[in-house]
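This report concerns only the one structure given below.
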Amino acid sequence: MAVRLGDIAPDFEAATTQGTIKFHEWKGSHWAILFSHPKDFTPVCTTELGMAAGLKGEFDKRNCKVIGLSVDPVESHMKWEGDIKDVTGHAVNFPMIGDADKHVSNLYDMIHPNASDTMTVRSVFVIGPDNKVKMTLTYPASTGRNFIELLRVLDSLQLTAKHQVATPADWKQGDDVIITGAVSDADAATRFPGYVTKKPYLRVTPQPK
Ligand code: BEZ
């Protein structure tokens, strides 16, 4: 069964490069990104893991913990970490789950048999402080993900969790935002003074602080 937006992210216990964890306990009330990669010692995955490690400071600023996963065992992840540091300059600074028995991969539907029945696809789950799934994405093995985009999504999710706004295409921090339809024009006038009505359904305002 697929894990969908709004679902509670399934809890699990798993061996990781930083010891055995219980996922919900490890996550606590932080945001979290759980992502799978297809296989250790492969080129695209090496670049992805290095990129994620290099952005740790940015994830920390957003109160977001990061955890990786593949069906390779923890010992393999640990050996591979040396290559990731050599190639990208970034030491892996978050746990990687060794899911050799595929129990987490199956729980999160990360194995798509018509793509590969032995490897996980490139799944991402962004999970909120309430343990609910806020975003998912799935890329194939041949396409590395854009981790800056994940930061952008986190910024949008965190902003829209606090304010009754939505973020437009290609939005980034500081750009104007959209007032949601749940806010009446009268309320908008007091909460977002000076907002602009482009269409009755498209009202724009500077990003709230
Ligand atoms: C890669 O990371 O380059 C990769 C992983 C699995 C299959 C194909 C490519």
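The values are calculated or read from the model by the stated rules, or taken from the named source; none is laboratory data. Everything quoted here is computed from the prediction, not taken from an experiment. For the accessible areas, the whole protein counts, side chains as well, though only heavy atoms, and no ligand, DNA or RNA atoms are used. Shrake-Rupley method; radii C 1.70, N 1.55, O 1.52, S 1.80 Å.
Heavy atoms only, probe 1.4 Å: what % of the accessible area of the chain goes to carbon and sulfur, would you let me know?
C and S atoms contribute 54 percent here.
What does the accessible area per residue of the chain come to in Å², with a 1.4 Å probe and no ligands, DNA or RNA counted?
I get 50 Å² per residue for this part.
Please quote Rg/Rh for region 13-145 to two decimal places, taking the Kirkwood radius as Rh and restricting both calculations to Cα atoms.
0.93
Grab the DSSP H runs of the chain that are 4 residues or longer, score each as -39,500 (n - 2.57), total them, divide by all residues and round the 222 nm result to the nearest 500 deg cm²/dmol. Please list the in-between numbers first.
Details: 7 runs with 66 residues, N = 209.
Roughly -9000 deg cm²/dmol at 222 nm, from the helical runs in the chain.
For region 114-158, what does the relative contact order come out to in percent, with C-alpha contacts under 8 Å and a separation of six or more?
That works out to 30 percent.
In whole angstrom, how far apart do the alpha carbon centroids of region 150-209 and region 111-145 sit?
Each part reduced to its Cα centre gives a spacing of 28 Å.
Defining a contact as two alpha carbons under 8 Å apart and six or more residues distant in sequence, what relative contact order in percent does region 61-120 show? Don't jump to the answer; show the numbers that get you there.
Values: 60 pairs, mean separation 23.4, N = 60.
Relative contact order for region 61-120 comes out at 39 percent.
GNM, the chain, Cα, under 10 Å: largest mean-square fluctuation among ALA141, ALA53, ALA161?
ALA161
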